[in-house]
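Heads up: the structure comes next, in structure tokens.
The values are calculated or read from the model by the stated rules, or taken from the named source; none is laboratory data. On a predicted model such as this, the values are computed, not experimentally measured, just so you know. Because the Cβ atoms are built from the backbone with ideal geometry, glycine has one as well, and the counts that use them run over all protein chains shown. Areas reflect the complete protein model, heavy atoms only, side chains present, ligands, DNA and RNA absent. Shrake-Rupley method; radii C 1.70, N 1.55, O 1.52, S 1.80 Å.
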Amino acid sequence: MRASTRREFIAGPAGRIECAVDGPEGPPVGMALVAHPHPLFGGTLDNKVVQTLARAFVELGYEAWRPNFRGVGATDGAHDEGRGELEDLAAIVAHLKPARLALAGFSFGAGVQVMLAQRVKAEKLVLVGVAVTRFQLPPVWAGTLVIHGEQDETVPLASVLDWARPQDLPIVVIPGADHFFHRKLNILRELVRTHCA
């Protein structure tokens, strides 16, 4: 992402977890943990949406951590359908013990973050293209930012609305955006910055 991005390794249940870490100019106000899309479909910590989320949080003063899920990059282990991935994210939070925590994720990573939010204390939850069709996701708390593309071909908007409706959970729909938010990343970044400021 930037010349200042550093790599950190944290011990997880299945071995080491590779993370890319970006910090703000001054002392961080908290930690943002950003989870990437499905590993079996090319998802990595370098995904453009994940980088955009991390950049937005860095601009808000957070230190942004982008881990690679199991079997991706230099992270040990093998894909575990979200179960082991959840344990790995929990291990990162337990290791870092942040005073203030924001959780963000894209697609598969957003689904895992919904589950993590049941287990750890976080101040912010940002879900982009959340994979409601892949997981049976529990409700999220009021104030969660859910962003979805109008023309998402991977996770249909109608499915996200079906998940959100019983919760009275607002969804921010970006007109014309596909699942990967091509040519819409600046809009995504501004939404996160405005909501989480």
Quiz item: Just checking, how many residues over the stretch 4-24 are open to solvent by 60 Å² or more (accessible area, probe 1.4 Å) and not in a strand (DSSP E or B)?
Solution: 2
Quiz item: Any idea which of (1) of a type in the set (Val, Ile, Thr); (2) in a strand (DSSP E or B); (3) closer than 21 Å to Glu190 by Cα is the one Val50 doesn't satisfy?
Solution: (2)
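Please tell me if Leu103 is over 16 Å from His36 (Cβ atoms) and either hydrophobic (A, V, I, L, M, F, W, C) or touching a His at 6+ places or on another chain (Cβ under 6 Å) (or both).
Details: over 16 Å from His36 (Cβ atoms): no; either hydrophobic (A, V, I, L, M, F, W, C) or touching a His at 6+ places or on another chain (Cβ under 6 Å) (or both): yes.
No: the conditions fail for Leu103.
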Quiz item: Restricting the search to the stretch 26-42, which residues are of a type outside the set (Phe, Trp, Tyr) and more than 12 Å from the chain's Cα centre (by Cα)?
Solution: Gly26, Pro27, Pro28, Val29, Gly30, Met31, Pro39, Leu40, Gly42
Self-check item: Residues satisfying the stated conditions in the stretch 101-133, i.e. in contact with a helix residue (DSSP H, G or I) (Cβ under 7 Å, 6 or more places away or on another chain) and open to solvent by 10 Å² or more (accessible area, probe 1.4 Å)
Solution: Met115, Arg119, Val120, Lys124, Val132, Thr133
Quiz item: Asp162 fails exactly one of the following numbered conditions: (1) outside any loop (DSSP other than H, G, I, E, B); (2) among the charged types (D, E, K, R); (3) at pLDDT below 95. What is the number of that condition?
Solution: (3)
Practice problem: Filter the stretch 25-43 for residues that are in contact with a Leu (Cβ under 8 Å, 6 or more places away or on another chain) and in a loop (DSSP other than H, G, I, E, B) and give the result. | Solution: Val29, His36
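Being open to solvent by 20 Å² or more (accessible area, probe 1.4 Å), at positive phi and over 16 Å from the mean Cα position of the chain (by Cα) narrows it down to one residue among Asp162, Asp178, Asp168; which is it? Write out each step before concluding.
Numbers: Asp162 fails: at positive phi; Asp178 fails: at positive phi.
Sole residue among the options that is open to solvent by 20 Å² or more (accessible area, probe 1.4 Å), at positive phi and over 16 Å from the mean Cα position of the chain (by Cα): Asp168.
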Exercise. For residues that are assigned to a helix (DSSP H, G or I) and small (Gly, Ala, Ser), scanning just the stretch 145-159, find the one that is least open to solvent (accessible area, probe 1.4 Å).
Key: Ser159
Exercise. Only residues that are open to solvent by 40 Å² or more (accessible area, probe 1.4 Å) and β-branched (Val, Ile, Thr): list them for the stretch 44-95, please.
Key: Thr44
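Listed here are the residues, each with its yes/no results for (1) free of Cβ contacts under 8 Å to residues at least 24 places away in the same chain; (2) assigned to a loop (DSSP other than H, G, I, E, B); (3) touching an Asp or Glu at 6+ places or on another chain (Cβ under 8 Å); (4) among the aliphatic types (A, V, I, L, M).
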| residue | (1), (2), (3), (4) |
| --- | --- |
| Arg55 | no, no, yes, no |
| Trp65 | no, no, yes, no |
| Phe69 | no, yes, yes, no |
| Asp88 | no, no, no, no |
| Ile92 | no, no, no, yes |
| Gly105 | no, no, no, no |
| Ala110 | no, no, no, yes |
| Gln118 | yes, yes, no, no |
| Leu125 | yes, no, no, yes |
Self-check item: Complete set of residues in the stretch 178-197 that are touching a helix residue (DSSP H, G or I) at 6+ places or on another chain (Cβ under 7 Å) and assigned to a loop (DSSP other than H, G, I, E, B)
Solution: Phe180, Phe181
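Being farther than 17 Å from Leu103 by Cα and either touching a Phe, Trp or Tyr at 6+ places or on another chain (Cβ under 6 Å) or aromatic (Phe, Trp, Tyr) (or both): is that true of Pro27 here?
On the way: farther than 17 Å from Leu103 by Cα: yes; either touching a Phe, Trp or Tyr at 6+ places or on another chain (Cβ under 6 Å) or aromatic (Phe, Trp, Tyr) (or both): no.
So Pro27 does not fit the description; no.
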